[in-house]
Amino acid sequence: MSNGAATNVRLSETMHVYDPMDRPTRRDIAYFEPSTQTPLGDGQSTKLIGYSDASDIILLVDDNGRVTQTTYDSTLEPHETTDPKATR
């Protein structure tokens, strides 16, 4: 009987960074070519997350630097979201 770990192939690895309130603020994913285990492309994608004082997500930045912003009304409901193409 063989050890299953010997046949496992790493496709990706994920790392999260959290702020003092334990909210995720950064996610890095590294991608690998299965047969050689070398990084694919630049080897990593990153997503940044920003929060309001009320812990609502107000900012998302993707790996290409595209920004999505959300504003909230006085009842803390999403009021407006602007995506990277500036559509609302």
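Could you work out which residue, out of Ser74, Ser55, Ser45, moves most in a Gaussian network model of the chain, that is, has the largest mean-square fluctuation with Cα springs under 10 Å?
Ser74
Using θ = phi - 60° and the Karplus curve 6.51 cos²θ - 1.76 cosθ + 1.60, what whole-Hz ³J(HN,Hα) does each residue of region 38-44 get, with Gly and Pro shown as x?
Values, residue by residue: 8, x, 8, x, 7, x, 7 Hz.
How large is the dipole of the chain about the Cα centre if only Lys and Arg carry +1 and Asp and Glu carry -1, each at its Cβ, rounded to the nearest 20 debye?
That gives the chain a dipole magnitude of about 280 debye.
Scan around Asp19 for amide H atoms under 5 Å from its own, H built in the peptide plane at 1.01 Å from N, and keep only partners 5 or more places away or cross-chain.
Counting only residues 5 or more places away or on other chains, the set is Thr25.
Under the 0.36 nm per residue contour assumption, what length would be gained going from the current alpha-carbon distance of Leu59 and Ser12 to full extension?
Numbers: separation 47, 0.36 × 47 = 16.92 nm, distance 2.50 nm.
That works out to 14.4 nm of additional length.
Can you give the extra length, in nm with one decimal, that the chain gains between Thr46 and Thr81 once fully stretched, where that is 0.36 nm per residue apart less the Cα-Cα distance? If you can, show how the numbers build up before the last one.
Numbers: separation 35, 0.36 × 35 = 12.60 nm, distance 2.08 nm.
Difference between extended and current length: 10.5 nm.
Got the relative contact order for the chain handy, in percent, Cα pairs under 8 Å and 6 or more residues apart?
Values: 135 pairs, mean separation 13.3, N = 88.
RCO, the chain: 15 percent.
Run through all the Cα pairs of the chain and give the fraction in each 10 Å bin from 0, expressed as whole percent.
Going out from 0 Å in 10 Å bins, the chain shows 15, 32, 27, 16, 8, 2, 0 percent.
Where a number appears in this text, it was derived from the coordinates with a stated rule and is not lab data. What you see is a predicted model; the values in this text were computed from it and never measured. Methodologically, a virtual Cβ is constructed for each residue, glycine included, from the backbone with ideal geometry; neighbour enumeration extends over all protein chains shown.
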